[in-house]
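Read the structure below first, then the notes.
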Amino acid sequence: MSGVTVVRAGALTTLQDLGRAGYAHLGVPRSGALDLPAHRLANRLVGNAEGAATLETTVSGCTLRAARPLLAAVTGAACAVRVDGRPAAWGAPVRVPGGALLEVGAAAVGLRSYVAVAGGFAVEPVLGSRATDLLSGLGPAPLADGDELPVGAGRGAAAAVDVLPYASAGGELVLPFLPGPREDWFEPGAPAALVTGEYAVSPASNRIGLRTDGPALRRAAGREGELPSEPMVPGAVQVPPDGRPVVFLADHPTTGGYPVIGVVPEESLPAAAQSAPGTRIRFVALRSGRPEL
Amino acid sequence: MGRGAVLVETEDGERAQALHAELLRRRAAGEFAQVREIVPAARTVLVAGLDDPKGFAAAVSAWEVPPVAEAGGEAREVPVRFDGPDVEEVAALWSVPAAELPDIVTGTDFRVAFCGFAPGFAYLTGLPPQLHVPRRPTPRTAVPAGSLGLAGPYAGMYPRSSPGGWQLIGTTDAPLWDPARDPAALLTPGTRVRFTRATA
């Protein structure tokens, strides 16, 4: 079970996997990797099952020392990868000799890189997941310098990869949304204002939600207060009293009292998680997915 | 609510609880096995992971849902010491002597309406409207784990220390949250709850 030592934890590096779906009724957020396709890909590259725990870095990468020879892969935000100082491949299996340093550099494109090792990081699961949930504190604490992380036994063969296509974030973040369920809590023009308004990713964004800077969405007359608490979903575009929409990400609270003007489909959330503060956001209204009663 | 999920809105909290109980009965009977989450809240229930949300939404509005009182079940007893810092204030709001507050609370039938705020934090309904109290004007920065508080129509216990604005009337040693237990929450939605006086 010997694994790796954290030499440099970076700004915020957490263990992540597919999360804890199915416990929202107990007040437990889903959590899990914000960029799930990148997490899954990192695991596939080293021959792991998709649910194996990876490391999710934030902006500044991290550095690990391998206690024994390891097969690793770095995906997600593009970054320099080095093994004992020598350049190594991003987005491909990399052999790390026992005792060697694996350096995951600062994100050049995107925000969050994913580091998988063959066998997976074998910390104790909580409710079936090794994910760090920053809202409720479930799962392991964020990495700190000097931490030792156990690594399980590798099982599969490394994927033979020549080219890795990566949909890099362009100059803007496109967020489609299905209107509702509470668009009637806003002025009639609010969904249109969301579509036409100049919004940008706020530096206050985190694993709980993508916060936005831009014009405030106005409530309808007589709808100034809070709703009785209602369940929230990933991608819910919740509008707090300041009128600036927040797009809920993996560590979002399970219930909330501010109205949700629309919901961004989950396949669009990885791009949201990789968009740096200041990135222009384009909200696009999809035809209402609301069932007609 | 987005793709594959339906937020069912009911007229009041009791109907939301009744609908939640009905959904659990139907899931236990093998209906909609693909459903990922059934999450009740104050007046709504979320059903997520549906293959056919439109069909479900049309069907659910036609259901005959029995009122929640008929869905019985054993009450879970939770021992409480009535030693909270807001006992005097709550008793004053209730216009009763502070010494009578424990009898009122232990004499009330509560039910878990929903969980939220933190893992294992249960919102308990059952207090009659005249016993509803407002939140404290200024939240406390740290409410100790196990505190029993009141706010609006709800009573609730903090599974771990956190900031909070509820009026604190007592403390419990009951293990409200234990991830090693199944279910991890002591009080799951739909559970009936009776408070008892803890023997010190």
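The values are calculated or read from the model by the stated rules, or taken from the named source; none is laboratory data. Please read all numbers here as calculations on a predicted model, not as lab measurements. Note: ideal-geometry Cβ built from the backbone for every residue, glycine included; neighbour counts use all protein chains shown. To get the accessible areas, we keep the full protein, side chains included, count just its heavy atoms, and leave off ligands, DNA and RNA. Shrake-Rupley method; radii C 1.70, N 1.55, O 1.52, S 1.80 Å.
List of remarks:
- Radius of gyration and Dmax over the Cα atoms of the stretch A:3-150, both given in Å: 14.1, 48
- At q = 0.07, 0.09 Å⁻¹ the log10 of I(q)/I(0) for chain A amounts to -0.28, -0.45, computed by Debye summation with a single uniform scatterer per C-alpha, solvent ignored.
- Of interest is the spacing of the C-alpha centroids, which for the stretch A:224-289 and the stretch B:15-66 amounts to 23 Å.
- Taking Lys and Arg as +1 and Asp and Glu as -1, the other residues whose beta-carbon sits under 14 Å from that of residue B:198 total 0.
- Residues considered: A:28, A:46, A:237. Largest GNM mean-square fluctuation over chain A, using C-alpha springs under 10 Å, is found at A:28.
- For residues of B:46-55, the mean tally of beta carbons on other chains within 10 Å: 3
- Shape call, the stretch A:172-291: gyration tensor on alpha carbons, a/c limit 1.5: rounded
- With at most 13 other Cβ atoms within 10 Å, longest stretch of chain B clear of loop GluC sites (Glu not before Pro) (DSSP): B:75-200
- Protein accessible area in the stretch A:3-150, 1.4 Å probe - carbon and sulfur %: 56
- Cα radius of gyration and Dmax for the protein assembly as shown (Å): 24.2, 78
- Gaussian network model of chain A, springs between alpha carbon atoms under 10 Å - residue of A:219, A:112, A:40 with greatest fluctuation: A:219
- Of the residues A:2, B:162, ranked by 1.4 Å probe accessible area with the largest first, the sequence reads A:2, B:162.
- Student exercise, chain A dipole from Lys, Arg, Asp, Glu Cβ charges, in Debye to nearest 20: 500
- Prolate/oblate/rounded call for the stretch A:36-80, Cα gyration tensor, a/c under 1.5 rounded: oblate
- Degrees separating the helix A:36-45 axis from the principal Cα axis of chain A, which is the longest one: 20
- Applying a DSSP loop filter and a limit of 15 other Cβ atoms within 10 Å to the trypsin sites (Lys or Arg not before Pro) in the stretch B:116-172 leaves B:135.
- Largest to smallest principal axis extent of the C-alpha atoms in the stretch B:1-117, angstrom: 55, 28, 22
- In the stretch A:222-256, comparing the full protein assembly with the chain on its own, the residues that lose 30 Å² or more of accessible surface at a 1.4 Å probe are A:228, A:229, A:231, A:233, A:255.
- Dipole orientation for the protein assembly as shown: of the candidates B:102, A:102, B:35, A:102 has the Cα lying most toward the positive pole (charges on Cβ; Lys, Arg +1; Asp, Glu -1).
- The charge dipole of the stretch A:172-291, taken about the Cα centre with unit charges on the Cβ atoms of Lys, Arg (+1) and Asp, Glu (-1), comes to about 120 debye, rounded to the nearest 20.
- Histogram of C-alpha separations across the stretch B:68-200, 5 Å bin width, %: 2, 11, 22, 26, 21, 13, 5, 1, 0
- Spatially, the stretch A:44-111 and the stretch B:140-200 are offset by 43 Å when compared through their Cα centroids.
- Cα centre as origin, Lys/Arg/Asp/Glu Cβ charges: chain B dipole, Debye: 440
- Per the Debye calculation on the stretch A:1-87 with a single equal scatterer at every Cα and no solvent contribution, log₁₀ I(q)/I(0) for q = 0.15, 0.24, 0.25 Å⁻¹ amounts to -0.62, -1.38, -1.44.
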